[in-house]
Amino acid sequence: MKNSNITKNRMPVALLLVLAASIIGLAPGFSTTARADFSINDVSGNYVDHAEGWDCTGNNCSGKFMPRSLVGLVTFTPATGTFHAYWIARLAGENHSGPFDGNYTVDADGHGTMTFIGAFPKQRDFYIVNGGAELKYIVTDPDSFTASASGTLTKQ
């Protein structure tokens, strides 16, 4: 009889040890220290952009909201801090496409900005994901017709 009680008591202890070992093994994957050594060189080459959002009509978005989506190819050149893009967009049921150029920056914490130049001023704020394999962004234009837009740039 005593042997069966010992076996019953060992089982919870064994399960607890297995759980503790599993948690300790996963701990490096959940580090609380953030990388702080990013540079403009972490964003280079060709990325495919895919985004969804809402544009608006009227002053300060007082009119209707229109859905939009886009896909395109963006080439980043860290030596000059510039990008060149060609996007195909769909806005309120109509297709639009064209080339765009701009400048970009990257902070040490992985935050960056893309500022479009020319007749179509826009700004995006992004964060580097997976060591530069992806950029997650939102449109952050001041006084823009964009109500909300976000997307992912995936390195090719």
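The values are calculated or read from the model by the stated rules, or taken from the named source; none is laboratory data. Nothing here was measured: the structure is a model prediction, and the numbers come from that model. Note: ideal-geometry Cβ built from the backbone for every residue, glycine included; neighbour counts use all protein chains shown. When the accessible area is computed, the model is the full protein with side chains, heavy atoms only, and any ligands, DNA or RNA have been set aside. Shrake-Rupley method; radii C 1.70, N 1.55, O 1.52, S 1.80 Å.
Quick one: in region 105-121, which of the residues that are surrounded by 17 or more Cβ atoms within 10 Å (Cβ to Cβ) and assigned to a strand (DSSP E or B) is farthest from the chain's Cα centre (by Cα)? Selected residue: PHE116. If you go through region 125-148 and keep only what is within 18 Å of VAL71 (Cα to Cα), at pLDDT 95 or above and of a type outside the set (A, V, I, L, M), you end up with ASP125, PHE126, GLU134, LYS136, TYR137.
Quick check on LEU91: is it open to solvent by less than 50 Å² (accessible area, probe 1.4 Å), of a type in the set (A, V, I, L, M) and under 22 Å from GLN156 (Cβ atoms)?
Numbers: open to solvent by less than 50 Å² (accessible area, probe 1.4 Å): yes; of a type in the set (A, V, I, L, M): yes; under 22 Å from GLN156 (Cβ atoms): no.
So LEU91 fails the test.
Would it be correct to say that ALA79 is under 21 Å from ASP37 (Cβ atoms) and in contact with a strand residue (DSSP E or B) (Cβ under 8 Å, 6 or more places away or on another chain)? Against the criterion (under 21 Å from ASP37 (Cβ atoms) and in contact with a strand residue (DSSP E or B) (Cβ under 8 Å, 6 or more places away or on another chain)), ALA79 does not qualify. Of all residues in region 122-150, those that are part of a strand (DSSP E or B) and either farther than 19 Å from CYS56 by Cα or out of contact with any Lys or Arg (no Cβ under 9 Å at 6 or more places or on another chain) (or both) total 13. Summed over region 133-153, the residues that are surrounded by 15 or more Cβ atoms within 10 Å (Cβ to Cβ) and within 10 Å of the chain's Cα centre (by Cα) give a count of 7.
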